[in-house]
Amino acid sequence: MHESWLDRPATEVDLVARELLGRRVTANGVTLRLTEVEAYSGLGEDPASHAHRGMTSRNEVMFGPAGFLYVYQIYGMYFCANLVCGEEGRAAAVLLRAGEVIEGFPYARERRPAARKDHDLASGPGKLMQVLALDRGANGTSVIDGTGPLTLRAGDRKPGPIEAGPRVGVTSAHDVAWRFWIRDDPTVSVYRRHSPKRRRPDAPGR
C-alpha cells in the first residue's frame, strides 16, 4: 500500500504533521484520534532531530521509506513513536505527541491507572505509547500495510482549528513552531518551555 501524502519532500514535514491531526491510530485493542504532533526534519537541517548528524544504527529508520515507525526510549523509561515521512534517503519524521481515546477504554484505563480523567490517558508521547501498549519492538514496522502492530487510518471528521507553537523537551531549536495541535482539545499535552539547567558557580569544569 502507498500513501503519497507521507512521502512528499522532507522539507514539507510540517505539512505532513498538520495532516496527521484528526487521523486514527490503532494498536493492541485501543484506537486514538491524534490531537497533537511535532515535526522533525533531517540531516544538517534541524539540530533537534536525531538525524541531524547523519545515519546511525539507532536512527536509520528515519531515512525512509515513509510510513514506518521510528521508536526510541527516553529517560530509560518511556517510549516515543515517530511516523517517518519524506522521500527515501532524506530523514524526516513526526512525533505522535497526544491523542483522544475513542475505542478500547477498558484497555487504556488498565494501562494508565494513574490517569484521573479520560482526557489524560494519552496526553503526552509516553502516555500515548503506554495506552497503545507499544515499545521498541514497534521500531521499523509499517503503519500502512497492516504488518505492524500500529495502523494509521483517516479520521471520521475534520479536526478543529489547528494551532502551532514551539517544540517540547529539546535542547536545540526548541522555538521552531513545528508542534501542532487541535485548538482547545483537552487531550493536548501541557506545554512546558525548555529551560536549560544552570551551572553552579562552584561546579567543576569539564
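Data overview
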| quantity | calculated |
| --- | --- |
| Under DSSP loop assignment and at most 13 Cβ neighbours within 10 Å, longest chymotrypsin sites (Phe, Trp or Tyr not before Pro)-free interval of the chain | 76-190 |
| Protection-proxy order for peptides 161-169, 110-118, each taking the mean of Cβ atoms within 10 Å per residue, highest first | 161-169, 110-118 |
| Ellipsoid equivalent to region 1-113 - semi-axes via the Cα gyration tensor, in Å | 25, 17, 11 |
| Cα centroid separation, region 105-161 to region 50-78 (Å) | 18 |
| Percentage of interatomic Cα-Cα distances in region 92-193 larger than 16 Å | 64 |
| In range of the label at Met55: residues from region 76-107 whose backbone nitrogen is under 14 Å from the point 7 Å along Cα→Cβ | 87-92 |
| Point-to-point label distance, Ile162-Ile74, nm (Cα→Cβ direction, 7 Å offset) | 2.1 |
| For region 85-101, 3J(HN,Hα) per residue [Karplus equation, 6.51 cos²θ - 1.76 cosθ + 1.60, θ = phi - 60°, Hz, x = Gly/Pro] | 9, x, 6, 4, x, 10, 5, 6, 7, 10, 6, 7, 8, 7, x, 9, 5 |
| Tail beyond 15 Å, pair distance distribution of region 101-159 (Cα, percent) | 55 |
| Calculated P(r) tail over 25 Å for the chain, as whole % of Cα pairs | 34 |
| Residue order, fewest to most surrounding Cβ atoms within 10 angstrom, among Cys85, Cys80 | Cys80, Cys85 |
| Net +/- balance of residues flanking Gly22 in space, Cβ distance below 13 Å, scoring K and R +1, D and E -1 | +3 |
| Residue order, fewest to most surrounding Cβ atoms within 10 angstrom, among Ile182, Ile144, Ile102 | Ile102, Ile144, Ile182 |
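Rule-based calculations on the coordinates, nothing more; no lab input. Remember, predicted model here, so these are calculated numbers, not experimental data. Glycine gets a Cβ as well: all are built from the backbone with ideal geometry, and neighbour counts include every protein chain shown.
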